[in-house]
Ligand SMILES: Nc1ncnc2c1ncn2[C@@H]1O[C@H](COP(=O)(O)OP(=O)(O)OP(=O)(O)O)[C@@H](O)[C@H]1O
């Protein structure tokens with residue numbers, strides 16, 4: 001075909017003065033010859049459509065059949081061509097009968113006016129189309145077979161559509177050239193396209209680099225930004241600042257924010273509007289009319305930003321998109337290339353940014369593995385699911401590392417050499433700054449994971465505690481009153497290792513993780529005090545070594561506690577042993593500046609503890625150690641504190657009793673107990689008393705401030721000054737009492753060893769035994785009677801479960817301000833209702849939910 005005919009077609013029909021690129025020109029010239037099959041692989045926005053539309057209009061009496069994946073895309077193209085007075089039509093299930101009849105009539109007449117006929121691959125498989133196609137071929141009326149978005153042919157392509165595979169069956173006449181067009185064909189995909197579409201040997205390939213030099217790529221981390229929406233707003237302002245008032249509305253800069261879910265599009269759009277950026281959301285859940293209206297209004301420039309799911313964009317041809325944001329991780333490199341490629345189609349500088357959020361990844365991972373599991377034995381589905389996982393992992397690596405130029409993700413994907421980026425991405429612009437940010441992101445994420453691990457506070461997508469599993473976890477926390485230190489220690493070690501390994505895995509293709517980083521990550525999980533200054537304080541010392549020593553101290557100290565201390569001593573528990581060990585290790589750490597001294601001091605300490613254990617003596621530091629309240633990491637901690645407090649109060653009672661007994665002569669025991677019961681025990685506040693108090697205060701105290709204070713003091717949180725003093729006195733008393741009891745026990749043992757069992761000793765032993773038995777008996781009686789009263793009472797675990805279950809519907813209805821509020825409310829209610837039966841609990845929670853439509857951290861119980 002003559003070049004002038006081609007050029008005049010370009011100008012007259014398409015109103016372009018020249019070709020967009022030499023590649024476009026060469027491809028079109030080749031195609032116009034109608035000699036060979038052609039594969040065009042050019043970046044988004046490079047003008048691929050013209051490569052078949054111009055040749056199609058230049059062949060009179062013939063029709064070009066275009067296979068395109070989406071009806072929306074087809075509609076756009078047909079509208080666009082009709083606006084240029086090109087006869088284009090589509091044949092699909094929505095085509096009206098009259099339209100169809102007239103189209104058929106035109107296609108079957110000698111001088112066909114229709115130049116382009118758009119069909120979906122699904123339609124191509126129908127009997128109606130096959131007989132039409134056979135007819136057109138028979139009468140030599142087909143100019144070209146065009147397969148747009150040809151990557152859909154390949155199972156390695158991101159939009160794999162099995163019906164595309166059947167298009168190869170249409171190659172019944174070698175005289176009809178086939179054109180395949182794609183923006184996203186990697187090496188594997190290209191091979192598949194050629195094979196599945198049965199492209200001929202004389203195939204001509206027109207391929208440009210996928211590198212888009214006018215696009216700047218970068219990544220930011222949502223969890224590291226103080227206000228991610230404000231950050232997004234600033235970014236938008238920056239991208240759009242070039243437009244002056246004189247520019248026509250439709251030609252002004254605009255942008256797309258891609259979100260993962262419909263809900264996200266609404267949230268982001270609302271936020272942007274509230275920050276003064278005009279925006280609309282777009283997703284499949286909207287009414288068709290609304291979707292169309294929003295899209296058109298955006299294209300006309302009536303508002304600046306469209307917050308959309310990935311359903312938006314195919315066929316959207318707007319030249320002035322100055323930015324494309326992904327609010328969360330994109331699906332895979334090919335999708336990311338295509339979606340971000342909607343920016344800067346006019347060739348002007350534009351930006352593509354990801355606001356990464358690791359929490360999003362979990363949801364995506366879940367879906368992808370679900371797809372894989374569902375694929376079972378179906379090979380093609382399995383392959384597709386595996387490809388999706390592979391692609392997604394690449395995106396996660398891209399976001400979580402600072403290894404290579406951002407554009408390299410695409411060149412690698414399309415099998416091209418690395419691009420000459422020259423500062424067209426954040427990494428090539430300032431690698432060090434990005435590395436620093438990535439490192440901080442990892443540390444921050446570890447902090448999050450650590451918390452999640454220690455409190456089993458994993459983010460179970462939407463529903464609090466992911467339904468039953470979460471509830472079970474919480475119930476376990478709730479019930480963990482006797483927390484085994486060995487298990488805890490082992491778990492801490494395992495978790496630390498897992499976290500560090502995970503970091504290595506994440507960076508497997510990246511640079512080595514520095515020792516500093518490992519220490520930093522590990523210190524977040526470490527039990528020792530001043531973990532982060534380990535190597536700076538004692539040269540050569542590592543956190544791992546300190547942890548090992550600490551484990552050893554815990555081990556020997558625990559043995560000492562078990563064998564020598566009064567384990568009935570209720571105000572001291574196993575975790576206190578660990579706390580004591582932490583302080584002991586810390587005292588050695590602070591007292592030494594070199595490794596040898598540190599090691600030898602600890603070795604001495606460990607053997608001293610062992611010696612004490614052998615001699616049945618409590619190690620002095622353990623004996624004088626002041627137990628601390630637990631740190632409220634878990635519900636278990638909270639209960640532990642309450643229990644400790646209660647036990648120590650009860651113990652004060654039994655101590656007085658013991659003292660009275662010792663002072664008394666035979667027969668005074670009962671009297672002392674009775675006196676105690678009447679005068680002392682009655683004064684001890686119980687959770688039940690507290691609850692009554694809370695109930696009355698809730699009624700009388702609208703603000704609930706006083707109640708909050710009581711709740712806090714009950715849980716040992718920031719007691720007020722007076723309370724603090726009382727607690728101190730109590731602790732002092734406990735300590736002295738422990739010491740006294742221990743000394744007595746020790747003396748008795750010594751006596752036994754030295755003198756043997758004299759009759760006096762025997763009498764003494766018998767006397768003590770009798771006293772102890774009586775106390776036990778009394779306790780049992782007391783327990784029995786209270787058990788009778790508490791017949792219908794629930795266990796702590798059951799209360800926790802019940803409260804969580806009763807509150808969950810309100811959580812699902814999003815009446816809780818946050819997940820944390822839900823948890824703390826559940827916890828506080830459970831604590832307050834510890835003495836109540838099932839009906840009372842139900843009634844309370846129902847009333848609570850009735851009274852409070854929205855529950856915030858300020859809501860009064
Ligand atoms: N020769 C040309 N001169 C000027 N503009 C052109 C020329 N050819 C195409 N364009 C314009 O370039 C833009 C992109 O073209 P087109 O939609 O065909 O790209 P594409 O490669 O098909 O992109 P995608 O892969 O996203 O569909 C359109 O606005 C189109 O009008």
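Taking each residue of region 239-260 that is at pLDDT below 80 and looking for partners that are surrounded by 16 or more Cβ atoms within 10 Å (Cβ to Cβ) and not in a loop (DSSP other than H, G, I, E, B) with beta-carbon atoms closer than 8 Å, six or more apart or interchain, yields 242/322.
Applying the set (1) within 16 Å of the ligand (Cβ to nearest atom); (2) within 22 Å of residue 323 (Cα to Cα); (3) surrounded by 15 or more Cβ atoms within 10 Å (Cβ to Cβ) to residue 347 leaves exactly one unmet item: (3).
Sub-8 Å Cβ pairs linking a first residue in region 176-200 that is on the phi > 0 side of the Ramachandran plot to a second residue that is modelled with pLDDT under 90 and outside any loop (DSSP other than H, G, I, E, B), at least 6 apart or interchain, are 198/168, ordered by first then second residue. Counting the residues of region 121-147 that are within 13 Å of residue 67 (Cα to Cα) and touching a strand residue (DSSP E or B) at 6+ places or on another chain (Cβ under 7 Å) gives 7.
Inspect all residues belonging to region 82-104 and state whether any of them is within 11 Å of the ligand (Cβ to nearest atom), part of a helix (DSSP H, G or I) and surrounded by fewer than 20 Cβ atoms within 10 Å (Cβ to Cβ). Within region 82-104, none of the residues are within 11 Å of the ligand (Cβ to nearest atom), part of a helix (DSSP H, G or I) and surrounded by fewer than 20 Cβ atoms within 10 Å (Cβ to Cβ). Here residue 79 meets each of (1) within 19 Å of residue 180 (Cα to Cα); (2) away from the ligand (no atom under 11 Å from the Cβ); (3) within 46 Å of the chain's Cα centre (by Cα) with one exception, condition (1). Of 313, 341, 276, all but one fail to be in contact (Cβ under 8 Å) with a residue 24 or more places away in the chain, on the phi > 0 side of the Ramachandran plot and within 16 Å of the ligand (Cβ to nearest atom); the exception is 313. Once region 15-61 is narrowed to residues that are under 15 Å from residue 80 (Cα atoms) and near the ligand (Cβ under 7 Å from one of its atoms), the residue that is modelled with the lowest pLDDT is 47. Picking from residues in region 306-320 that are at pLDDT 85 or above, under 19 Å from residue 283 (Cα atoms) and more than 23 Å from the chain's Cα centre (by Cα), the one that is surrounded by the most Cβ atoms within 10 Å (Cβ to Cβ) is 306.
The values are calculated or read from the model by the stated rules, or taken from the named source; none is laboratory data. Keep in mind that what you see is a predicted model, and the values were worked out from it rather than measured. A quick note on method: Cβ atoms are made from the backbone with ideal geometry, for glycine too, and the neighbour counts reach across all protein chains shown.
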